[in-house]
1. What's the carbon and sulfur percent of the chain's accessible surface, probe 1.4 angstrom, rounded to a whole number?
2. Per residue, what accessible area does the chain have, given a 1.4 Å probe and all protein chains present, in Å²?
3. Students sometimes get this wrong: rank SER47, SER8 by accessible area, probe 1.4 Å, all chains present, largest first.
4. Counting alpha carbon pairs within less than 8 Å and at least 6 residues apart, what relative contact order, in whole percent, applies to the chain?
5. So which trypsin sites (Lys or Arg not before Pro) in the stretch 32-74 pass both tests, a DSSP loop state and at most 12 other Cβ atoms within 10 Å of the Cβ?
6. Suppose the chain between GLN10 and LYS66 were pulled fully straight at 0.36 nm per residue; how much longer would it get relative to their current alpha carbon spacing?
Amino acid sequence: MDVFEEISLQDCPLCGGAGLLEEEGGWCLYVQCLDCGCHTAELAYRSEEERREMARRAATTWNLGKVIYPGPGD
């Protein structure tokens, strides 16, 4: 089973939109909101074992509400 299928993501902590676990170029993972664009930090990996662990960490970070918002400020 792929690590992406076993991870559960809550709604976006900022806007309530859907979050998606993304993989960037085969070296890092992060979760990003499909609506407002906020995201977690990129978590790098070097092996399949680290990939699974970083996917879990990205999901945990997202579910705790620790995100970066790239949009305009106040």
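The values are calculated or read from the model by the stated rules, or taken from the named source; none is laboratory data. It should be emphasised that the depicted structure is a prediction, and the values quoted were computed from it without experimental measurement. So basically every Cβ, Gly included, is an ideal-geometry build from the backbone, and we count neighbours across all protein chains shown. To get the accessible areas, we keep the full protein, side chains included, count just its heavy atoms, and leave off ligands, DNA and RNA. Shrake-Rupley method; radii C 1.70, N 1.55, O 1.52, S 1.80 Å.
1. Using a 1.4 Å probe with all protein chains present, the chain comes out at 46 percent carbon and sulfur.
2. Averaged over the residues of the chain, the accessible area is 64 Å².
3. Order by accessible area, largest first: SER8, SER47.
4. That works out to 31 percent.
5. ARG46, LYS66
6. Full extension of this stretch gives 18.9 nm more.
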